[in-house]
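Trainee: Take this structure first; my questions come after.
The values are calculated or read from the model by the stated rules, or taken from the named source; none is laboratory data. From a predicted model like this one, the values you see are computed outputs, not experimental measurements. Quick reminder, even Gly has a Cβ in these numbers, built from the backbone with ideal geometry, and neighbours come from all protein chains shown.
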Amino acid sequence: MIFSGVDPGSGTYEVAFVDETGRTLKLLSIPTDLVDKASSILVKYISDLRPIGVALPSGHGLPFKRSSEITDRDIFLMTLKDPAVEGPLRNFLVSARTLDNAFTLPGVIELISVDKSKKINLIDMGTADKVASAFFYRTMYDSFVLIEVGSSFSSLLVVVEGKVVDGLGGSIIPGISSAGFLDGEVAYLLSKYSKITKNTIYTNGNWERGLQLLRIIAEWYSAQYKIPIIVSGSKKWEIPFGIKHNFKFKESSVGSAFVANALFGGVFRDYLSFLESAGTPIDYVRLKGWEEVISLIRTF
């Protein structure tokens, strides 16, 4: 039996195939800009290997929706972009509607194990690929802090006794290139005299400050629960602390394949409670004026 998972990286997409025991069978890495142009070819490649289950790249997450049932509204919720505008993740999800037994994954914001009080006025507590990375390490550790540092974004997830209990995503922690969180006054001035776009939050990051914040938060949780700090991602060797494993694959791609394995009865099925989830990425925003955003979303 073959199970597949996909990591939607900023620079490359990686597709992993594992068997029922979790053994990695095959890896394929493709530049992200090619996925934008040829997503149907990548989907056909996956389909031709006839996996029993496929864990889809899911952006901000949507708990376990079959690919054939994905609507334009679902694509908006996962990408937080106009579902009619082409892009790598959007195009892949549209093409993936033809796959059998393919499904979306939750983000941290949708995990039931994370207390609701931590979710208020947040969306990006960790995207679905970060949950997949944490699932990968959950098969090795019961409790840990996971820092993931990619070419653009940084994130931090906390797993205690087999459950995710907290997370901060790449829209919050400054990354190597991403700005992360915005000062409220900066956001106000930008929205009043210019505009805030995805490019605003994805560029001009303060990585020195991001690294400081990652260390402060990770070491606090590590001391609080007496758990190890694990560092993953393409830029993990730039982090001067934490445990780093030298895998030849992206933890998120193999972790996604492990999720497919678990869902369809493979060796990791006993870890499924890790993924208990509900809702959507936008359920916990309480800011004044948000109702106007919700009204617009209902039109998709």
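Trainee: Going residue by residue through the stretch 230-248, is there one that turns out to be in contact (Cβ under 8 Å) with a residue 24 or more places away in the chain and at positive phi?
Mentor: yes
Trainee: If you take the residues of the stretch 198-238 that are β-branched (Val, Ile, Thr) and modelled with pLDDT of 95 or more, which of them is farthest from residue 4 (Cα to Cα)?
Mentor: 216
Trainee: Next question, about the same structure. Scan the stretch 236-243 and give yes if some residue there is crowded, with 18+ Cβ neighbours inside 10 Å, closer than 30 Å to residue 99 by Cα and not small (Gly, Ala, Ser), otherwise no. Walk me through it before giving the result.
Mentor: We begin by selecting, within the stretch 236-243, every residue crowded, with 18+ Cβ neighbours inside 10 Å; these are 236, 239, 242.
Restricting the remaining residues to those that are closer than 30 Å to residue 99 by Cα gives none.
No, the conditions are met nowhere in the stretch 236-243.
Trainee: Step by step: first the residues of the stretch 78-132, then only those that are of a type in the set (Asp, Glu) and in a loop (DSSP other than H, G, I, E, B), then the one that is surrounded by the fewest Cβ atoms within 10 Å (Cβ to Cβ). Which residue is that?
Mentor: 115
Trainee: Quick check: anything in the stretch 179-193 of a type in the set (Asp, Glu) and within 27 Å of residue 112 (Cβ to Cβ)? Spell out how you get there, then give the answer.
Mentor: As a first pass, look at the stretch 179-193 and keep what is of a type in the set (Asp, Glu): 183, 185.
Then keep just the ones that are within 27 Å of residue 112 (Cβ to Cβ); that gives none.
No; the residues of the stretch 179-193 include none that is of a type in the set (Asp, Glu) and within 27 Å of residue 112 (Cβ to Cβ).
Trainee: State the number of residues belonging to the stretch 72-110 that are touching a residue at least 60 places away in the same chain (Cβ under 8 Å), charged (D, E, K, R) and under 22 Å from residue 260 (Cβ atoms).
Mentor: Residues flagged as touching a residue at least 60 places away in the same chain (Cβ under 8 Å), charged (D, E, K, R) and under 22 Å from residue 260 (Cβ atoms) within the stretch 72-110 amount to 1.
Trainee: Moving on to the next point. For the stretch 10-45: of the residues being exposed (fewer than 14 other Cβ atoms within 10 Å of the Cβ) and touching a residue at least 60 places away in the same chain (Cβ under 8 Å), which is farthest from residue 85 (Cα to Cα)?
Mentor: Only one residue fits best here, namely 21.
Trainee: Turning to a different aspect of this structure: Just a yes or no: is a residue in the stretch 258-271 at pLDDT 95 or above, within 17 Å of the chain's Cα centre (by Cα) and not aromatic (Phe, Trp, Tyr)?
Mentor: Yes, there is a match, as at least one residue in the stretch 258-271 is at pLDDT 95 or above, within 17 Å of the chain's Cα centre (by Cα) and not aromatic (Phe, Trp, Tyr).
Trainee: I would also like to ask the following. Please specify each residue of the stretch 95-124 satisfying the condition of being among the aliphatic types (A, V, I, L, M) and more than 21 Å from residue 254 (Cα to Cα).
Mentor: In the first step, residues of the stretch 95-124 are kept if they are among the aliphatic types (A, V, I, L, M); the result is 96, 99, 102, 105, 108-109, 111-112, 114, 120, 122-123.
Scanning the stretch 95-124 gives 109, 112, 114, 120, 122, 123.
Trainee: Shifting gears a bit: Can you report the number of residues in the stretch 176-211 which are under 22 Å from the mean Cα position of the chain (by Cα) and free of Cβ contacts under 8 Å to residues at least 12 places away in the same chain?
Mentor: Within the stretch 176-211, residues that are under 22 Å from the mean Cα position of the chain (by Cα) and free of Cβ contacts under 8 Å to residues at least 12 places away in the same chain number 3.
Trainee: Here are the criteria: (1) part of a loop (DSSP other than H, G, I, E, B); (2) in contact with a strand residue (DSSP E or B) (Cβ under 6 Å, 6 or more places away or on another chain); (3) farther than 24 Å from residue 167 by Cβ. Tell me which single one residue 17 does not satisfy.
Mentor: (1)
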